[in-house]
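Q: Sharing a structure below in structure tokens format, with a few things to ask.
The values are calculated or read from the model by the stated rules, or taken from the named source; none is laboratory data. These numbers were taken from a predicted model, which means no experiment stands behind them. So basically every Cβ, Gly included, is an ideal-geometry build from the backbone, and we count neighbours across all protein chains shown. For the accessible areas, the whole protein counts, side chains as well, though only heavy atoms, and no ligand, DNA or RNA atoms are used. Shrake-Rupley method; radii C 1.70, N 1.55, O 1.52, S 1.80 Å.
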Amino acid sequence: MINCKIKVLIFLVIAAMLGTLLASCSPKAEKQADMEEVVLGTFGSMRVFATSTKKGEAAMEKAFQRIKDIENKMSTSIEESFIHQINEKAGKEAVEVDDDTLFVIKEALSYEDVTNGAFNIGIGSLIDLWGIGKEWQKIPTSEEIQEALKHMDIDQLEIKDHHIYLKDANMMLDLGGIAKGYAVDEAAKTLRESGIESGFVNMGGDIYALGTKEDGSPWMIGIQNPEIGSNGVMAKLPLSNQSIVSSGDYERYFIEDNVHYHHILDPETGYPTDNRLSSVTVVSEKAIDGDVLSTAVFVMGLEKGLLFLEELEDIEGVIITKDKQVFATSGVKDKLEIIDNNYKLVK
Ligand code: AMP
Ligand code: MG
């Protein structure tokens, strides 16, 4: 009898302890805080949920600071940046870079290989020649394009410890297709280090979804309608602790004689990629991978790009064609919720 009473008592104590434990794990009434800034040449926004608005804002300030720090190291237009220095000293001498820049360059190099050259950070001279989105944007002559194509050989990039050297004096690096993704990952990491477990980082379409909603369900993240001039969302995907990154011909472009020239250049032709696609969205654990792969798959085109995405582990993607057909990899096909009926999912 006594034995039984003790057993009941032990059970009640354990149940009470477990209750306290579960209560401390369940989400507290969190306060939403938002912050916006123009950074990395794009409109950046963050939303976090924290125990107080002040705590949330302090965390976002640190995260934006980290993004600016990355911009200052990797932008081609900031004169003090490592990338600007490397380009300036091409054919002359090596430049010592920091860990961030070295990491991003190494990632980019391995992706040049994986994507068979569709993604190539040695594309800087060609990007500069077209100047899309810059004051000097223009259609170059075919001679100028042929000349720029001669200076994109990634084997001309030499790495010794932290020293980067471009052997070809006319070659330039451009991290425009990868740095933003890295910055988003680092911003999410900074938020986590400040104790934030839930929120978003959005750098002009490179998004990281941190944690879950208060009820534990995933965030529903929109995929932008790629139609030029439209600001809507055409579909949604449930995401948690994942990034979603889109590349499209609607992001940066100019129109001349009714021809649309956009910023994703085909390293083979030297011209803006001209295929059936209007956008590519990649879902991955890290935004750096999504950033590179969305750009690379855009260059590869529908058939090759879809097969390529399907073969990559832990990477999913959604490809939208100009005629509003939607192709998705097997891991996201059933999760994709199309909300704009002009778009049709191809089964
Ligand atoms: P995203 O907006 O991520 O698709 O990246 C496009 C940016 O990446 C452009 O503005 C260029 O700075 C750069 N870029 C364009 N084409 C390529 C390419 N084929 N490989 C690597 N970077 C590229
Ligand atoms: Mg990209």
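Q: Among the residues of the range 82-115, which ones are within 16 Å of ligand 2 (Cβ to nearest atom) and open to solvent by 20 Å² or more (accessible area, probe 1.4 Å)?
A: Listed by number, the residues that qualify are E107, L109, S110, Y111, E112, V114.
Q: Sticking with this structure for a sec: Go through the range 297-324 and report how many residues are in a helix (DSSP H, G or I) and either of a type outside the set (D, E, K, R) or under 17 Å from M234 (Cβ atoms) (or both).
A: Residues meeting the conditions: 10.
Q: Moving to a separate point now. Within the range 158-172, does at least one residue satisfy the condition of being in contact (Cβ under 8 Å) with a residue 60 or more places away in the chain and basic (K, R)?
A: Yes, because at least one residue in the range 158-172 is in contact (Cβ under 8 Å) with a residue 60 or more places away in the chain and basic (K, R).
Q: Find the residue count for the range 121-159, including only residues that are touching a Gly at 6+ places or on another chain (Cβ under 8 Å) and in a helix (DSSP H, G or I).
A: Adding up the residues that qualify gives 8.
Q: Okay, moving on. What's the total number of residues in the range 296-305 that are within 15 Å of A108 (Cα to Cα) and either more than 8 Å from ligand 1 (Cβ to nearest atom) or open to solvent by 30 Å² or more (accessible area, probe 1.4 Å) (or both)?
A: Qualifying residue count for the region: 1.
Q: Looking at the range 327-342 only, could you name the residues that are more than 21 Å from Y208 (Cβ to Cβ) and either within 16 Å of ligand 2 (Cβ to nearest atom) or buried (at least 20 other Cβ atoms within 10 Å of the Cβ) (or both)?
A: F327
Q: Residue by residue through the range 291-334, note down the ones that are touching a residue at least 40 places away in the same chain (Cβ under 8 Å), in contact with a strand residue (DSSP E or B) (Cβ under 6 Å, 6 or more places away or on another chain) and of a type in the set (D, E, K, R).
A: D291, K322
Q: So which residues in the range 116-143 are surrounded by 14 or more Cβ atoms within 10 Å (Cβ to Cβ), at pLDDT 95 or above and charged (D, E, K, R)?
A: Hit for the range 116-143 is D128, nothing else.
Q: Could you give every pair whose Cβ atoms fall below 7 Å, whose first residue belongs to the range 111-139 and is over 20 Å from G301 (Cα atoms) and aliphatic (A, V, I, L, M), and whose second residue is within 14 Å of ligand 2 (Cβ to nearest atom) and open to solvent by 70 Å² or more (accessible area, probe 1.4 Å), counting only separations of at least 6 or pairs across chains?
A: Here the result reads I132/R252, each pair linking the range 111-139 to a residue that is within 14 Å of ligand 2 (Cβ to nearest atom) and open to solvent by 70 Å² or more (accessible area, probe 1.4 Å).
Q: Same structure again: Working only within the range 82-108, note down all residues that are hydrophobic (A, V, I, L, M, F, W, C), within 15 Å of D291 (Cβ to Cβ) and either within 16 Å of ligand 1 (Cβ to nearest atom) or not in a helix (DSSP H, G or I) (or both).
A: V104, I105, A108
Q: Having 1 or more residues that are open to solvent by 60 Å² or more (accessible area, probe 1.4 Å), acidic (D, E) and in contact (Cβ under 8 Å) with a residue 24 or more places away in the chain is the bar; report the strands (runs of 3 or more DSSP E) wholly within the range 244-284 that clear it.
A: The qualifying strands (runs of 3 or more DSSP E) are 253-256.
Q: Which one of K180, K189 is modelled with pLDDT of 95 or more and within 20 Å of I223 (Cα to Cα)?
A: Just one listed residue meets the conditions, K180.
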